Amino acid sequence: MARVLLQSLTKRFTDVLAVDAVDLEVQDKELLVLVGPSGCGKSTLLRMIAGLEDATSGQITIGGRLVNRVASKDRNIAMVFQNYALYPHMNVYRNMAFSLQMRKVPREECDRRVRITAQILGIEDLLLRRPAQLSGGQRQRVALGRAIVRDPEVFLLDEPLSNLDARLRVTMRSELVKLHRHLRATMIYVTHDQVEAMTMGDRLVVMRDGRIQQVDTPRVVYETPANRFVGEFIGSPPMNILEGQIVQLQTGWEFVVGRLHIQLANEFQEACQQRVNQPVHLGIRPEDLHLSKPGDSAPTEVRLSCEVSVVQLLGSDSLVELDCQGTAVMARVDARRACRMGEMIDVSFSVERLHLFDAATGQRL
Ligand SMILES: Nc1ncnc2c1ncn2[C@@H]1O[C@H](COP(=O)(O)OP(=O)(O)OP(=O)(O)O)[C@@H](O)[C@H]1O
Ligand SMILES: [Mg+2]
């Protein structure tokens, strides 16, 4: 069992609070992805779990054992870094066997583990090559192999794919997910790439400025972001955010920004009641906007008339920038839905797909 429990974990460098009172439970055999912008404290958090950095305060428990004072080598973890740090003068076999030899693992056992691992990773044919004779993706596999041979309880992976080209990243991403299933180990995977986070994790942890913003499955984080930051960070292109205010009507409430008025559904009643004539931020994802020719629409749909400002063809989809009565919004639509710059078009969306955030705190309403 390798549950990892962090309690009030904090790291302060002289003038930076890199990790701020983080509470987190990583379940046994879970693939947990830690995601957030550069400098938010992901690597520092991972390095504390690995024992490469002392915590300023708080507790780290791995498999029921408090490890704050346990040396890194005795924590039964393995870490893979962004720069693979392979030993350049050793061949692949020796790179993988090295840590086992240091631990005085018997020669036959060591050989068995290196060969099985090489087979899992599809690098059996490369065992006699040196790192300089490998491609980036192959080096990445060796770095993973070095961690796997040790059979750790917990894998800590810090942006292990960021040196690879886009295509290889996609391949390695799914290989890592398969590997996780095969190894049945606890993995904590750090990335600043929200696509990687969405596609790989059983659960996501979104961090900002040393603090956890939300912990949940990718679907829940995407559909109900805890705050404006998470809403904008997860999803590409980012969620449209309109900064306006709530206005009370006889029949209900409206969100108003400039000349744009959006009638809000009953599910926002409580939030609206407390915020009449106050600023709020309204979020809508580009993929939740639909374009149509002027005509009829389903009753639950809000429909607005817009002008097409810019069209970017991505392939299967197009990103369409719209001028919605003075407010710019981005829509992601099927590329077969042809539209031209300057064209007047209707954009519709379902009110259930709207997100409201408090203007001051950014919290979801
Ligand atoms: N040894 C150090 N001394 C002082 N400040 C540090 C040290 N290491 C990290 N920091 C600071 O702590 C904060 C968090 O850094 P960290 O490396 O954990 O970020 P990160 O989320 O991993 O970012 P990236 O995505 O760029 O790798 C940053 O502000 C960084 O400048
Ligand atoms: Mg980092």
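Ranked by the mean number of other Cβ atoms within 10 Å of their residues, highest first, the peptides 60-69, 236-245 come out as 236-245, 60-69.
Quick one: length gained pulling residue 202 to residue 27 fully straight, 0.36 nm per residue minus the C-alpha distance?
Numbers: separation 175, 0.36 × 175 = 63.00 nm, distance 1.02 nm.
That pair, residue 202 and residue 27, stretches by 62.0 nm at full extension.
Subtracting the Cα-Cα distance of residue 292 and residue 220 from their residue separation scaled by 0.36 nm leaves 23.0 nm.
Take the alpha carbon gyration tensor of the stretch 211-365, find the square roots of its eigenvalues, order them as a ≥ b ≥ c, and report rounded if a/c is under 1.5; if not, report prolate when a/b exceeds b/c, else oblate. Oblate, because a/c is 1.5 or more while a/b does not exceed b/c.
Looking at the chain alone, DSSP beta bridges between its own residues are antiparallel in about 75 percent of cases.
Local charge for residue 278 was computed over the other residues whose Cβ lies under 15 Å away, with Lys and Arg +1 and Asp and Glu -1, and equals -3. Heavy-atom accessible area for residue 352, with the other protein chains in place and a 1.4 Å probe, reaches approximately 120 Å². Once the 1.4 Å probe is applied to the protein heavy atoms, the stretch 34-119 comes out at 53 Å² accessible per residue. Charged neighbours of residue 135, selected by a Cβ distance under 11 Å, balance to +2 (K, R count +1; D, E count -1).
As a calculated quantity, the FRET efficiency between residue 312 and residue 56 at R0 = 51 Å, using C-beta atoms, amounts to about 0.65. In the calculated pair-distance distribution of the chain, the portion above 36 angstrom amounts to 37 percent of the Cα-Cα pairs. For residue 211 and residue 243, a Förster radius of 22 Å and the Cβ-Cβ distance give a FRET efficiency of 0.40, rounded to the nearest 0.05. How about the stretch 82-159: which chymotrypsin sites (Phe, Trp or Tyr not before Pro) there lie in a loop by DSSP and see at most 13 other Cβ atoms within 10 Å? Passing sites in the stretch 82-159 do not exist.
Students often check this: by mean Cβ neighbours within 10 Å, which of 161-167, 21-27 ranks highest, and how do the rest follow? Let's see the in-between values first.
On the way: 161-167: 14.1, 21-27: 17.0.
Going by the mean number of other Cβ atoms within 10 Å, highest first, we get 21-27, 161-167.
Spatial offset of the stretch 182-221 relative to the stretch 77-152 amounts to 26 Å, using the alpha carbon center of each. In this structure the stretch 194-315 gives 49 Å² per residue of accessible area when probed at 1.4 Å with all protein chains present.
Once you have a ≥ b ≥ c as the square roots of the Cα gyration tensor eigenvalues for the stretch 39-102, tell me rounded if a/c is under 1.5, and otherwise prolate or oblate according to whether a/b is larger than b/c. In terms of gyration-tensor shape, oblate. In the chain, the portion of solvent-accessible area held by carbon and sulfur atoms comes to 48 percent [1.4 Å probe, whole percent, DNA, RNA and ligands not counted]. Here each label is just a point 7 Å from Cα along the line to Cβ, and for residue 273 and residue 94 those points are 7.4 nm apart.
The values are calculated or read from the model by the stated rules, or taken from the named source; none is laboratory data. Since we're looking at a predicted model, the values are computed, not measured. Glycine also receives a Cβ, built like all others from the backbone with ideal geometry; neighbour counts cover every protein chain displayed. Only protein heavy atoms, including side chains, enter the accessible area calculation; ligands, DNA and RNA are left aside. Shrake-Rupley method; radii C 1.70, N 1.55, O 1.52, S 1.80 Å.
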